[in-house]
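A short worksheet on the structure shown next.
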Amino acid sequence: MSKFDWYVGKAVLVATLGVLILLVGLDALTSVVDETDDMRDGYGFADILIYVGYTIPRRIHEFVPFAALIGALIGLGRLAATSELVVMRAAGVSMFRMATMALKPALIVASMGFAVGEFVAPHTEQLAMSYRALAQRSESSVAGRFGAWNRDGNTFVHVDAVQRGGVAYGVTLLTFDEERRLRETLVAERATHSGDHWMLEQVQSTRLVEGRTESESLTLRRWDTAITPQLLTLDVVAPETLPLLQLWPYAQYLKQQGMVFVDIELAFWRKVLQPMATLGLVLVAMSFIFGPLRQGTMGARIFVGVIVGVAFRISQDFIGPASLIFGYAPLLAACLPIAACWLGGIWLIWRRA
């Protein structure tokens with residue numbers, strides 16, 4: 001690595017890490033403020049801090065591309081403001097060589113974000129969802145505010161929270177017949193997975209039989225199902241926080257059950273391609289630095305970075321869900337915004353070279 005690589009890379013890397021810390025901190029602070037609206041007995045301010053603390057790895061993974069964009073604008077902008085980039089150009093360093101210098105620290109940050117999103121965020125996000133759901137769940141409600149639904153044949157399942165070790169809380173089962181008429185409702189305080197079945201505890205069940213209902217209270221009841229604790233965990237957390245090795249099999253399972261699976265495939269491809277998105281946004285940042293923002297102020301660079309980042313995110317949020325309506329492949333939906341960044345960035349750099 002030459003001195004130029006080290007000098008430019010250090011400037012971009014330090015700026016990117018600083019922006020990442022700032023973005024994650026502001027987002028976490030906003031979440032703390034939002035969560036105070038849900039404060040109640042059993043879910044106080046200390047619980048909010050614990051919940052938000054668990055979600056920080058997920059926020060790091062989410063903000064890496066935008067931190068790389070704004071960090072490249074700030075780091076390279078400082079070098080442009082002091083004419084150091086001009087001196088490098090005069091020394092014979094080409095535009096594409098400078099782009100390589102800026103992409104190296106961006107690749108480091110992208111790899112770090114990918115590792116956090118793959119190995120840390122899935123576990124901490126599960127802990128966060130379970131912690132909040134257990135603190136806020138109401139024993140009187142059939143299905144809690146948090147948690148997720150699943151399906152096993154003609155039985156629809158809702159679970160408030162899932163903990164490691166195969167323990168689920170707030171289990172609700174709604175069983176229908178072949179004519180889609182409700183036949184039984186069951187609510188269990190807790191369920192423990194035991195090999196090929198679940199053992200439900202503190203069960204309240206109601207059966208509809210010939211125009212009347214039959215209620216029953218049991219301490220324990222066996223529940224035979226193919227649903228595993230791992231599958232329930234996948235339901236509780238957002239698809240974007242799941243590891244790649246679980247996303248694709250989960251999408252195939254939902255497809256077999258006749259449920260919506262395109263959003264899971266879209267999350268899979270977005271996660272695979274996130275490092276490419278990070279590098280593409282850095283290329284766009286470089287094209288601005290060597291163009292209209294070479295003599296711009298720091299505030300102008302940050303503003304442009306925020307605008308580009310918001311535009312990129314809006315394009316992702318629009319093109320991705322549109323695949324559900326128009327039926328094109330989730331891979332195409334994930335690639336289009338990233339390809340636009342790469343093509344636009346390369347074209348602008350080539351034009352100014």
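The values are calculated or read from the model by the stated rules, or taken from the named source; none is laboratory data. Treat the numbers as computed from the prediction; the structure is a model and nothing was measured. Please note: Cβ atoms are built from the backbone with ideal geometry, for glycine as well, and neighbour counts cover all protein chains shown.
Restricting attention to region 166-197 and to residues that are in contact with a helix residue (DSSP H, G or I) (Cβ under 7 Å, 6 or more places away or on another chain) and assigned to a strand (DSSP E or B), the residue that is nearest to THR225 (Cα to Cα) turns out to be HIS193.
So which residues in region 222-240 are in a helix (DSSP H, G or I), closer than 18 Å to TRP149 by Cβ and not hydrophobic (A, V, I, L, M, F, W, C)? Before the answer, list the steps.
Looking only at region 222-240, we keep the residues that are in a helix (DSSP H, G or I), and these are 229-236, 239-240.
Next cut, closer than 18 Å to TRP149 by Cβ only: 229-236, 239.
Listed by number, the residues that qualify are PRO229, GLN230, THR233, ASP235, PRO239.
Of all the listed residues (GLY320, GLY309), the sole one being surrounded by 15 or more Cβ atoms within 10 Å (Cβ to Cβ) and either closer than 20 Å to PRO105 by Cβ or of a type in the set (A, V, I, L, M) (or both) is GLY309. Just a yes or no: is a residue in region 71-78 over 15 Å from GLY345 (Cα atoms) and either among the polar types (S, T, N, Q) or assigned by TED's automatic domain parsing to the domain that holds ALA161 (or both)? No; the residues of region 71-78 include none that is over 15 Å from GLY345 (Cα atoms) and either among the polar types (S, T, N, Q) or assigned by TED's automatic domain parsing to the domain that holds ALA161 (or both).
Restricting to region 1-39, what's the tally of residues that are polar (S, T, N, Q) and either outside the structural domain of PHE66 (by TED's automatic domain parsing) or not in a helix (DSSP H, G or I) (or both)?
Residues of region 1-39 that are polar (S, T, N, Q), as a first pass: 2, 16, 30-31, 36.
Those left that are additionally either outside the structural domain of PHE66 (by TED's automatic domain parsing) or not in a helix (DSSP H, G or I) (or both): 2.
Final tally of qualifying residues: 1.
For first residues located in region 258-286 and assigned by TED's automatic domain parsing to the domain that holds LEU107 and on the phi < 0 side of the Ramachandran plot, partners that are hydroxyl-bearing (Ser, Thr, Tyr) and modelled with pLDDT of 90 or more and lie 6+ apart or on another chain with Cβ distances below 8 Å form the pairs PRO275/SER111. Taken as a whole, region 244-256 holds no residue that is at pLDDT 85 or above, under 25 Å from ALA11 (Cα atoms) and not acidic (Asp, Glu).
Scanning region 164-182 for residues that are surrounded by fewer than 17 Cβ atoms within 10 Å (Cβ to Cβ), more than 28 Å from the chain's Cα centre (by Cα) and not aromatic (Phe, Trp, Tyr) turns up ASP177, GLU178, GLU179, ARG180, ARG181, LEU182.
Looking at LEU242, LEU273, can you tell me which residue is under 19 Å from the mean Cα position of the chain (by Cα), buried (at least 21 other Cβ atoms within 10 Å of the Cβ) and under 26 Å from GLU125 (Cβ atoms)? So that I can check it myself, show each step before the final result.
On the way: LEU273 fails: buried (at least 21 other Cβ atoms within 10 Å of the Cβ).
Result of the check over LEU242, LEU273: LEU242.
Tallying residues that are at pLDDT 80 or above, touching an Asp or Glu at 6+ places or on another chain (Cβ under 7 Å) and within 23 Å of ALA238 (Cβ to Cβ) within region 83-142 yields 2.
Residues in region 96-122 that are closer than 22 Å to GLY53 by Cα and touching a Phe, Trp or Tyr at 6+ places or on another chain (Cβ under 9 Å): GLY113 only. Residues in region 260-292 that are over 28 Å from VAL157 (Cα atoms), among the aromatic types (Phe, Trp, Tyr) and in a loop (DSSP other than H, G, I, E, B): PHE290 alone. Against the test of being assigned by TED's automatic domain parsing to the domain that holds LEU127 and either in contact (Cβ under 8 Å) with a residue 24 or more places away in the chain or under 20 Å from GLY25 (Cβ atoms) (or both), the options GLY53, GLY44, GLY92 yield a single qualifying residue, GLY53.
One residue stands out among those in region 218-239 that are more than 20 Å from LEU134 (Cα to Cα) and of a type in the set (Val, Ile, Thr): the one that is farthest from the chain's Cα centre (by Cα), which is THR219. In region 71-83, the count of residues that are free of Cβ contacts under 8 Å to residues at least 24 places away in the same chain and either surrounded by 16 or more Cβ atoms within 10 Å (Cβ to Cβ) or in contact with a strand residue (DSSP E or B) (Cβ under 7 Å, 6 or more places away or on another chain) (or both) is zero.
Yes or no: region 198-221 includes at least one residue that is in contact with a Ser or Thr (Cβ under 7 Å, 6 or more places away or on another chain), farther than 16 Å from THR155 by Cα and part of a helix (DSSP H, G or I). No, the conditions are met nowhere in region 198-221. Summed over region 250-259, residues that are exposed (fewer than 14 other Cβ atoms within 10 Å of the Cβ) and in a helix (DSSP H, G or I) total 2. In region 198-222, the residues that are assigned by TED's automatic domain parsing to the domain that holds GLY165 reach residues that are assigned to a strand (DSSP E or B) and of a type in the set (Phe, Trp, Tyr) with C-beta atoms within less than 7 angstrom, at least six apart or across chains, in these pairs: TRP198/TRP223; LEU200/TRP223.
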